[in-house]
Each structure stands twice: as C-alpha cells, then as structure tokens.
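Okay, so here's the structure we're looking at.
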Amino acid sequence: MLLTSVIIVLREVLEAALLISVLAALRQMQGGSRRGLLWGVLAGLMASLVMARSMGAISELADGVGQELFLASLHGVVYLALLCIGVLALRESSSHTLLMGVLMVTAVAVAVSREGEEVFLYISAFQQNDEVRSSLYSGSLIGLGIGASAGALLYYALCLLPPKWGYRMILLLLTVVAGAMILQASGLLVQADYLPGGMAWDSSDWLPEDSVAGQLLYAMLGYEATPAPAQLWAYSGAVLLMASVLLWQWRRSRSAS
Amino acid sequence: MLRAVINGTLLLMLSAACLADKPVVELVIRDHLFYPSQLKVPANAKFKLRVDNQDPTPEEFESYELNREKVILGKRRAIIFIGPLAPGVYPFFGEFNPKTAQGTMIAE
C-alpha cells in the first residue's frame, strides 16, 4: 500500500512539478514574480477537487468517453498556453504583461488540476479504510516529496545555467512538454475511438514504461513504449508547429535588435 | 477538391459503419478483482471493453502493453476502446490495487 501510494502520487506530481519548474525558471530569468504560479497551483488543487467529484458524471457523457474527451481538451489547453508563453517570452516587450501572467497561471492550474484529480480519486478510494490509512497518507506524502524535489532540482539547475543557455534550454523544455501534452491528448482520443488505433513500434523490451527511466521519460516527454501511429503524427505536428513558431519569433526579435 | 470531399465522406461513412459493429467485451471489477481475470478478445480488430465497477471505490484500469489508462468510479461503468491488437497476451491491472487486481487479455 505504501509503495503503491508513493508510485501513484509520484507519477502525477512529477508531471506537474516539471512543468511548474520550467515556468518558474523562465519567470526567474525574466525577473518577474513567481507568486502567480503559486496561485495557479492553488487554483489547480481546488479545480481538481471539483473534477474528482464530478468525474463520474463527466465519464458518462459522449457515450461513455466523456472522461477522455474532457482530459484531452485540458491537455490541449496546456499546449496552447505553452505555445503562447514561448512566443511572448521571445518578445522583450511582452514578457511582463498581464497576458503572460494569465497564461502561466492557466497552464499551471490546468496541469495541476488534471494530475491532482487522479490523486484525490485514489485517496478517496481508501481513506475510509482504517487499516491502510496511515500507509496511504505517508506513501502519498513521500511521493509528493520526491516529485517536488525533482521539480526543485530542475528549477535550480535551469537557474544555474548561463542566461543565454538557460533561456534556450527553457524554450526547448517548453516545446518538449507541450509536445507531450498533445501525445497524451491524442492517446486519449485513440482510447475514445476518435482517432485510429494501432501500434507504430514496440520498445517495451529495452525501455519498459514501468521502469524508473521509462516513468521519468513519460513525465517529461510523454514516452510510451507502444504508441499509435496517430499519436506520432499528432506529436510531430505539435512539436514542429511550436518549434517553427518559436524559431520564427526568435529570428524576428534578433533582426529587430 | 471535389475528390477530397468525396474521399472524406466515404471515410466518414466507413468509420460510422465500423463504429456500429465493434465487438463488445465485458469485464467486471468486484472486491478489487477482475472477473474474468483471463479475457479472450478478438485479434486485429478494434473492440469495445465495457468495464463494470461494482465496488463502491474507484479503480484505474491500466495496461502498459495496451497503452490504456482510465479511472472507473465506484458503482459506475466505463467504455474503453482497444485494438486492433496483434495476436498475443496483454496483461492489465488495477492501478489502485495492483497486487490483487490483475488480469490478462488474450487476443486471438
């Protein structure tokens, strides 16, 4: 029970923590306040409580695939927010605007709500059970601790880089995380039968998804050992779009200065 | 342009036709166990897995091999589309009770 709780909570926390650290590092580099991100986390936690309560009803929408459609659209929102954040970050004049703040809070809140919802559902499944309650809570806290530490580690590593490289690294990570969002969203659409299924390859022999490396790669890149072809197309399209928009914006800002 | 529209319409009709006759496979969750724990499913075809969670608590159907993950709330049913699968054995488990809730899908 203890180990199960650690793993479940860690998996969810890790994804959100990595996204938050990249955004916090970007904020730090631009000399902006990071308090907004905290509001994003709080708003996300509250939203996840509401979502956990209404997931039963959401699941029954759209002929039983409401859960997939709902979560896929949340991933889509995070992708769009990250795309806009990347563009704004490259425009000196707009990196401190209200819009940037709103986008960051939105990205964090939506990401936290999606991960938090699952943790709350998991905890709700066992909190009535006296025998397992203590291992449930301690396991969850350990998972939360490890996930948050990994996020903090990434944040400080990014801040320690020379600004020029830190900036590039952040934009690269933003693109990668945004791509992972679309990879997951398209996976959910395959599961809901809105996109065709199938298997593009099987790398589970040399990098299983349930290994430590596999889990880390899943949190960061959305790694899947047996992705569907439709997922790969969606992922490549999403990464390509974001990379080209960022490159175009970067060139424009360089030629302007 | 016209050809693209016709192709698109045909594709839509085709997928609607496929939607209508997808085989349905039933799975029940009771006392944190899967019934049946060995599930025969059609190979090389998309099918509809209908999971009936009879426990009062939520469970997450999860399978790395099938690339599927879905929370099914207590006393609720859920639908998961799976496949087309190559013939073989695909383990799945309940992430909230991974020690007890285990099963395998045999595609043939």
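The values are calculated or read from the model by the stated rules, or taken from the named source; none is laboratory data. Computed from a predicted model, the values in this text were never measured in an experiment. When we count neighbours, we look across all protein chains shown, and the Cβ atoms used for this are built from the backbone with ideal geometry, even at glycine.
Numbers below:
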| read-out | value |
| --- | --- |
| Qualifying residues in segment B:71-80 (those that are in a strand (DSSP E or B) and surrounded by fewer than 21 Cβ atoms within 10 Å (Cβ to Cβ)) - the one nearest to the other protein chains (Cβ to nearest Cβ) | B:ARG76 |
| Residues that are touching a helix residue (DSSP H, G or I) at 6+ places or on another chain (Cβ under 7 Å), part of a helix (DSSP H, G or I) and either of a type outside the set (A, V, I, L, M) or within 14 Å of B:ARG76 (Cα to Cα) (or both), drawn from segment A:53-76 | A:MET55, A:ILE58, A:SER59, A:GLY66, A:GLN67, A:GLU68, A:PHE70, A:HIS75, A:GLY76 |
| Complete set of residues in segment B:77-103 that are more than 24 Å from A:LEU207 (Cα to Cα) and either at pLDDT 95 or above or among the aliphatic types (A, V, I, L, M) (or both) | B:ALA78, B:ILE79, B:ILE80, B:PHE81, B:ALA101 |
| B:LYS48 vs. criteria modelled with pLDDT of 95 or more, surrounded by 12 or more Cβ atoms within 10 Å (Cβ to Cβ) and within 12 Å of another protein chain (Cβ to nearest Cβ) | yes |
| The one condition in (1) more than 8 Å from every other protein chain (Cβ to nearest Cβ); (2) over 12 Å from the mean Cα position of the chain (by Cα); (3) at pLDDT below 95 that B:ILE106 fails to fulfil | (3) |
| Among residues of segment A:12-58, those that are surrounded by fewer than 19 Cβ atoms within 10 Å (Cβ to Cβ), of a type outside the set (Gly, Ala, Ser) and within 14 Å of chain B (Cβ to nearest Cβ), counted | 2 |
| Residue in segment A:69-88 that is β-branched (Val, Ile, Thr), in contact with a Leu (Cβ under 6 Å, 6 or more places away or on another chain) and either surrounded by fewer than 22 Cβ atoms within 10 Å (Cβ to Cβ) or more than 14 Å from every other protein chain (Cβ to nearest Cβ) (or both) present | yes |
| Flag if A:ALA225 is buried (at least 16 other Cβ atoms within 10 Å of the Cβ), within 14 Å of chain B (Cβ to nearest Cβ) and assigned to a helix (DSSP H, G or I) | no |
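Yes/no per residue for (1) surrounded by fewer than 22 Cβ atoms within 10 Å (Cβ to Cβ); (2) more than 7 Å from chain A (Cβ to nearest Cβ); (3) part of a loop (DSSP other than H, G, I, E, B); (4) not basic (Lys, Arg):
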residue: B:THR57; (1), (2), (3), (4): yes, no, yes, yes
residue: B:PHE61; (1), (2), (3), (4): no, yes, no, yes
residue: B:GLU69; (1), (2), (3), (4): yes, yes, no, yes
residue: B:ALA86; (1), (2), (3), (4): yes, yes, yes, yes
residue: B:PRO91; (1), (2), (3), (4): yes, yes, no, yes
residue: B:THR100; (1), (2), (3), (4): yes, yes, yes, yes
